[in-house]
Protein chains: 2
Amino acid sequence: MSIDHRPIAVFDSGLGGLTVVRALRERLPSESLIYFGDTARVPYGSKSAEAVTRFTREIFHFLLRFEPKSIVVACNTASAVAVPELADEFDVPVVGTVEPGAAAAAEAADGGLVAILATEATIASNQYRNAINRCNPRIPVVQKACPLFVPLVEEGREDRDPVVRLAVAEYLEAVRRLRPAVAVLGCTHYPILRGAIAEYLGEGVVLIDTADATSAAVADLLDRAGALSPDGARGRLFCYVSDNTQRFQSLSTRFLGRTITDVVRICPEEFAILQPPEPAHARLRVSV
Amino acid sequence: MSIDHRPIAVFDSGLGGLTVVRALRERLPSESLIYFGDTARVPYGSKSAEAVTRFTREIFHFLLRFEPKSIVVACNTASAVAVPELADEFDVPVVGTVEPGAAAAAEAADGGLVAILATEATIASNQYRNAINRCNPRIPVVQKACPLFVPLVEEGREDRDPVVRLAVAEYLEAVRRLRPAVAVLGCTHYPILRGAIAEYLGEGVVLIDTADATSAAVADLLDRAGALSPDGARGRLFCYVSDNTQRFQSLSTRFLGRTITDVVRICPEEFAILQPPEPAHARLRVSV
């Protein structure tokens with residue numbers, strides 16, 4: 001059995017990907033994580049596939065300097081529109097949210113209707129629908145973009161907020177009428193509104209949090225590759241953002257459950273000239 | 001009297017600045033306009049002053065290739081946080097929205113309370129408050145950030161939309177209780193929600209649309225400098241965006257009142273290597 005001390009890199013358009021960090025830390029507490037949030041260009045959900053792919057490629061190149069054992073694309077939009085094109089371009093295993101989320105949805109659906117709730121760009125890509133139908137071509141899928149959910153969460157609103165409840169009811173009225181078996185929370189921000197969505201859709205609708213499914217897929221990948229960190233190691237978290245470290249810190253509590261105090265700002269324009277600090281664990285690679 | 005055929009450059013974080021284009025075209029139909037919307041990095045309102053200033057500087061350099069007679073910063077956030085620093089850095093007259101908007105508010109207030117409604121970054125800069133108090137230090141000012149207004153408008157919602165009405169009531173409840181004389185619509189998107197804001201605040205509150213005030217300031221500047229285009233010339237509009245030309249086109253109707261069909265995409269990464277096409281009018285500079 002081999003042990004791999006290299007970190008896992010996690011990339012998101014902003015800070016929503018911290019829900020994936022949280023799930024990874026719960027499942028793999030020995031792993032060190034490098035997080036990059038592109039807060040200077042957030043949000044990705046309303047931007048073109050071409051721009052999202054270009055941004056993602058730039059950030060992959062930056063993250064590779066940390067010699068990660070895997071790159072986890074926590075952003076559903078980047079997972080849907082950029083990962084299919086980029087996964088083969090880089091010599092590192094890439095895990096996005098779409099395949100794990102779709103597999104979990106297909107399993108939970110048991111032949112019933114799956115509703116995909118996501119950003120405009122994710123919905124336009126049809127990637128969730130296609131991935132679910134690769135698991136089971138007979139599962140019916142309905143897709144609904146919910147563009148306000150991200151700004152509602154970024155503003156600090158929660159389940160009981162009246163604007164949230166009105167927006168949830170408006171977006172999901174037609175979906176609810178179709179009586180879905182499963183609803184995929186296909187954007188990192190949406191689990192923050194889980195209570196309002198669950199209440200509106202009613203009992204019996206299984207909500208799929210892609211952060212959980214993604215962290216399980218990462219654990220499985222590393223386990224099969226014999227690339228887990230040693231049990232009992234204390235994984236660390238290093239955060240980089242392209243803008244606004246303070247805003248990131250103050251909002252991190254909602255996504256991660258604790259406040260991050262050590263955040264470094266690095267702009268995409270500086271990727272080419274700056275060397276990121278080399279974390280101690282990146283220097284080690286031990287195989288036993 | 002001299003005549004200046006050079007275009008006016010208009011810069012915005014996205015497409016909201018088309019409200020300024022609309023006002024300029026109504027007031028100065030002979031002028032040709034170059035518009036740049038930074039749709040790859042929109043919105044600016046929740047980003048740091050440092051990032052907004054860096055983006056604005058990059059875009060100024062791009063716009064200078066068109067040899068504009070003036071750069072109009074239609075984005076209130078960039079006007080508030082970047083123009084004070086950049087105005088002296090470039091050898092071209094720069095007009096932002098803050099000074100004209102503040103002057104119009106101070107005049108309309110007649111000593112009464114002025115409410116500034118704007119993005120988080122604009123409010124945090126205190127530029128509107130300071131500019132109003134430079135006009136008249138005794139005018140009381142109250143400021144309120146309304147972060148949802150931009151995504152509400154970008155999603156295509158209008159005055160009568162229930163989510164808009166709920167958000168307006170929530171943001172403006174405390175403001176209304178203070179009985180303002182004037183409310184400044186301190187973001188290019190907010191005039192689209194003018195009806196809902198006016199109805200909620202009630203009769204007697206003067207709403208200041210900064211697009212109108214800004215276009216008047218541009219006309220005044222060019223007139224005083226003897227730099228207007230000849231009467232009867234037919235001004236043209238050239239649009240550049242950093243992402244998503246299609247989305248820009250489809251949303252342009254709401255801001256401009258007509259659909260723009262000719263939009264060129266140019267990314268900030270390409271500014272350094274691409275030469276923009278040289279419009280015919282930029283080659284001319286006639287003094288009579």
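Scanning segment B:228-254 for residues that are of a type in the set (A, V, I, L, M, F, W, C) and either in contact with a strand residue (DSSP E or B) (Cβ under 8 Å, 6 or more places away or on another chain) or closer than 19 Å to B:ASN76 by Cβ (or both) turns up B:LEU237, B:PHE238, B:CYS239, B:VAL241, B:PHE248, B:LEU251. For first residues located in segment B:86-112 and in contact (Cβ under 8 Å) with a residue 24 or more places away in the chain and of a type in the set (Asp, Glu), partners that are buried (at least 17 other Cβ atoms within 10 Å of the Cβ) and in a loop (DSSP other than H, G, I, E, B) and lie 6+ apart or on another chain with Cβ distances below 7 Å form the pairs B:ASP110/B:ALA181. Sub-6 Å Cβ pairs linking a first residue in segment A:45-66 that is more than 9 Å from chain B (Cβ to nearest Cβ) to a second residue that is assigned to a loop (DSSP other than H, G, I, E, B) and of a type in the set (S, T, N, Q), at least 6 apart or interchain, are A:GLY45/A:THR119, ordered by first then second residue. Taking (1) buried (at least 17 other Cβ atoms within 10 Å of the Cβ); (2) within 29 Å of B:ARG129 (Cα to Cα) in turn, B:GLY204 satisfies each apart from (1). Checked across segment A:18-36, the condition of being within 14 Å of another protein chain (Cβ to nearest Cβ) and under 23 Å from A:LEU185 (Cα atoms) holds for no residue.
Conditions (1) in contact with a Gly (Cβ under 9 Å, 6 or more places away or on another chain); (2) without any contact (Cβ under 8 Å) to a residue 60 or more places away in the chain; (3) crowded, with 20+ Cβ neighbours inside 10 Å, marked per residue:
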site: B:VAL150; (1), (2), (3): yes, no, yes
site: B:VAL153; (1), (2), (3): yes, no, yes
site: B:GLY156; (1), (2), (3): no, no, no
site: B:ASP159; (1), (2), (3): yes, yes, no
site: B:VAL164; (1), (2), (3): no, yes, yes
site: B:ALA183; (1), (2), (3): no, no, yes
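Candidates in segment A:1-13 are the residues that are in contact with a Pro (Cβ under 7 Å, 6 or more places away or on another chain) and assigned to a loop (DSSP other than H, G, I, E, B); of these, the one that is surrounded by the most Cβ atoms within 10 Å (Cβ to Cβ) is A:SER13.
What number goes with the only condition from (1) surrounded by fewer than 24 Cβ atoms within 10 Å (Cβ to Cβ); (2) in a loop (DSSP other than H, G, I, E, B) that A:PRO84 does not pass? In the conditions (1) surrounded by fewer than 24 Cβ atoms within 10 Å (Cβ to Cβ); (2) in a loop (DSSP other than H, G, I, E, B), A:PRO84 misses (2) alone. Taking the numbered list (1) among the aromatic types (Phe, Trp, Tyr); (2) assigned by TED's automatic domain parsing to the domain that holds A:PHE55; (3) at pLDDT 95 or above in turn, A:TYR190 passes all entries but (2). Reported count of residues in segment A:142-176, each being under 21 Å from A:VAL205 (Cβ atoms) and facing chain B (nearest Cβ under 8 Å), is 5. Taken as a whole, the structure leaves B:ARG129 outside the set of residues that are touching a Gly at 6+ places or on another chain (Cβ under 8 Å), basic (Lys, Arg) and modelled with pLDDT of 95 or more. The set of residues in segment A:244-288 being under 15 Å from A:ILE34 (Cβ atoms), at pLDDT 80 or above and surrounded by fewer than 17 Cβ atoms within 10 Å (Cβ to Cβ) consists of A:ASP262, A:VAL264, A:ILE266.
Could you please let me know if A:PRO137 is surrounded by fewer than 24 Cβ atoms within 10 Å (Cβ to Cβ), out of contact with any Cys (no Cβ under 8 Å at 6 or more places or on another chain), without any contact (Cβ under 8 Å) to a residue 40 or more places away in the chain and not aliphatic (A, V, I, L, M)? So A:PRO137 passes the test.
Residues of segment B:42-52 that are touching a helix residue (DSSP H, G or I) at 6+ places or on another chain (Cβ under 6 Å) and crowded, with 24+ Cβ neighbours inside 10 Å: B:PRO43, B:TYR44, B:GLY45, B:VAL52. If you go through segment B:245-267 and keep only what is under 20 Å from the mean Cα position of the chain (by Cα) and either among the aromatic types (Phe, Trp, Tyr) or in a helix (DSSP H, G or I) (or both), you end up with B:THR245, B:ARG247, B:PHE248, B:GLN249, B:SER250, B:LEU251, B:SER252, B:THR253, B:ARG254, B:PHE255, B:LEU256.
Among the candidates B:ALA216, B:ALA211, the residue that is buried (at least 20 other Cβ atoms within 10 Å of the Cβ), away from chain A (no Cβ under 14 Å) and within 23 Å of B:ILE8 (Cα to Cα) is uniquely B:ALA211. Checking every residue in segment A:99-118 against the condition of being farther than 29 Å from A:LEU193 by Cβ, modelled with pLDDT under 95 and not acidic (Asp, Glu) gives zero matches.
Suppose we keep only residues that are outside any strand (DSSP E or B) and either in contact with a Lys or Arg (Cβ under 7 Å, 6 or more places away or on another chain) or among the β-branched types (Val, Ile, Thr) (or both) within segment B:133-171. Which one would you say is nearest to B:ARG247 (Cα to Cα)? If we take residues in segment B:133-171 being outside any strand (DSSP E or B) and either in contact with a Lys or Arg (Cβ under 7 Å, 6 or more places away or on another chain) or among the β-branched types (Val, Ile, Thr) (or both), then B:VAL153 is nearest to B:ARG247 (Cα to Cα). Condition test on B:ASP220, is it of a type outside the set (A, V, I, L, M, F, W, C) and closer than 22 Å to A:LEU152 by Cβ? Taking the combined requirement at face value, the residue does not satisfy it.
Name the residue that is farthest from the other protein chains (Cβ to nearest Cβ), counting only residues in segment B:255-269 that are within 23 Å of B:THR56 (Cβ to Cβ) and either among the acidic types (Asp, Glu) or in contact with a Lys or Arg (Cβ under 9 Å, 6 or more places away or on another chain) (or both). Going through the qualifying residues, I end up with B:LEU256.
Whether any residue in segment A:185-196 is among the β-branched types (Val, Ile, Thr) and more than 14 Å from chain B (Cβ to nearest Cβ) is what I want to check. Yes, because at least one residue in segment A:185-196 is among the β-branched types (Val, Ile, Thr) and more than 14 Å from chain B (Cβ to nearest Cβ).
Report yes if B:VAL73 is crowded, with 21+ Cβ neighbours inside 10 Å and hydrophobic (A, V, I, L, M, F, W, C), otherwise no. So B:VAL73 passes the test.
Scanning segment B:98-132 for residues being part of a loop (DSSP other than H, G, I, E, B) and either small (Gly, Ala, Ser) or not assigned by TED's automatic domain parsing to the domain that holds B:ARG179 (or both) gives a total of 2.
If you go through segment B:219-254 and keep only what is acidic (Asp, Glu), over 30 Å from B:ALA105 (Cβ atoms) and away from chain A (no Cβ under 14 Å), you end up with just B:ASP231.
The values are calculated or read from the model by the stated rules, or taken from the named source; none is laboratory data. These numbers come from a predicted model, not from an experiment. With ideal geometry, Cβ positions are generated from the backbone for all residues, glycine too; neighbour counts draw on all protein chains shown.
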